[in-house]
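Structure, as structure tokens:
The values are calculated or read from the model by the stated rules, or taken from the named source; none is laboratory data. The shown structure was predicted, so the numbers you read here are calculated from the model rather than taken from an experiment. Methodologically, a virtual Cβ is constructed for each residue, glycine included, from the backbone with ideal geometry; neighbour enumeration extends over all protein chains shown.
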Amino acid sequence: MECEILTIAPETGGDISLNSDFWEKLTLGSIGKLLIKAALNGTPLLKFGSGTPRIIMCAGIHGNELPPQVAFFRLLNQLEDKKVNGTLYIIPIAIPYATMKNSRRFKGWDMNRKTFKEGYISNTILKTAQKLKIQAAADFHSTQPQSNPGIESVFCSKKPCYESFKIASHITSETSSKIISQEQAGKLYRGALEDELNIKGIPAVTCEVVSRNGKLDSGSVERSLLQMNSFLSYFNIL
């Protein structure tokens, strides 16, 4: 499968091979090798296929949440010999510099609270989704045990995009993750990428697996990949 790689935020670049916990778990295919180089120059956006539906998937808004970022490399290996139905955009490492440093924050800020604010990478991702006329989105994270939420889950909301709830229901039914649904996007977490996408009319969910911050706990990568494939199956992308 042909892949186009663009850079949407040059200020975020970093050498992710310097994060040893992350690096030792990667299995690099041809696309993955290109991605490592692209990350040096900023936030990479990968494009597969054409036409509709047009969806986007993201990980690494928190650089120290490693399982979904590693899972994306495995997904990229899957995509090398698959036909994509529609257009699939992937941001596997939203902030390469933060991943390199194994840091939740970038320039001192939690980017998953700043999506509404100009000049932050999460806002750039939101604007990119709008510009690309994205029809649905999923943001992949990991949560530390005994934290918030501390369990494998899918966040969603019913208003203004009821499809957010439908997507989350599909993923949780296939993966046994717990659904965490809000009536109104943005009421619980102001500035989260998922919420701000929903507010702008792009149905979105946040998928969480359980792993300690900065680590790759047993089974966490596989569980994140399962959530990713379930999101893709909702749209019959593969």
(Q) List pairs: first residue in the range 77-92 and surrounded by 18 or more Cβ atoms within 10 Å (Cβ to Cβ) and outside any strand (DSSP E or B), second residue modelled with pLDDT of 95 or more and aromatic (Phe, Trp, Tyr) anywhere in the structure, Cβ distance under 9 angstrom, at least six positions apart or on different chains. (A) 79/48; 84/48; 92/72; 92/73
Q: Could you identify the single residue in 68, 53 that is under 19 Å from residue 229 (Cβ atoms) and surrounded by fewer than 24 Cβ atoms within 10 Å (Cβ to Cβ)?
A: 53
Q.
Quick check on the range 38-54. Is at least one of its residues in a strand (DSSP E or B), within 28 Å of residue 164 (Cβ to Cβ), more than 17 Å from the chain's Cα centre (by Cα) and modelled with pLDDT of 95 or more?
A. yes
Q: Hey, can you tell me all the residues within the range 36-48 that are surrounded by fewer than 19 Cβ atoms within 10 Å (Cβ to Cβ) and not aliphatic (A, V, I, L, M)?
A: 37, 41, 47
Q) Mind checking whether some residue in the range 197-206 is surrounded by 23 or more Cβ atoms within 10 Å (Cβ to Cβ), of a type outside the set (Asp, Glu), out of contact with any Phe, Trp or Tyr (no Cβ under 7 Å at 6 or more places or on another chain) and part of a strand (DSSP E or B)? A) yes
Q) (1) surrounded by fewer than 20 Cβ atoms within 10 Å (Cβ to Cβ); (2) touching a strand residue (DSSP E or B) at 6+ places or on another chain (Cβ under 7 Å); (3) not small (Gly, Ala, Ser): which one isn't true of residue 228, the others all being true? A) (1)
Q: Among the residues of the range 200-236, write down those that are among the charged types (D, E, K, R) and under 12 Å from the mean Cα position of the chain (by Cα).
A: 208
Q) Within the set of pairs 6+ apart or on separate chains, which have a first residue in the range 10-27 that is basic (Lys, Arg), a second that is in a helix (DSSP H, G or I), and C-beta atoms under 8 Å apart? A) 25/66; 25/70; 25/221
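Among residues belonging to the range 106-120 that are within 18 Å of residue 13 (Cβ to Cβ) and of a type outside the set (A, V, I, L, M, F, W, C), point out the one that is surrounded by the fewest Cβ atoms within 10 Å (Cβ to Cβ).
Quick first cut of the range 106-120, residues within 18 Å of residue 13 (Cβ to Cβ) only: 106-109, 111, 119-120.
Those left that are additionally of a type outside the set (A, V, I, L, M, F, W, C): 107-108, 119-120.
Working: 107: 12, 108: 6, 119: 8, 120: 21.
So, considering only residues that are within 18 Å of residue 13 (Cβ to Cβ) and of a type outside the set (A, V, I, L, M, F, W, C), the one surrounded by the fewest Cβ atoms within 10 Å (Cβ to Cβ) is 108.
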Q) Can you tell which of 148, 123, 112, 213 is within 25 Å of residue 43 (Cβ to Cβ), of a type in the set (S, T, N, Q) and part of a loop (DSSP other than H, G, I, E, B)? A) 213
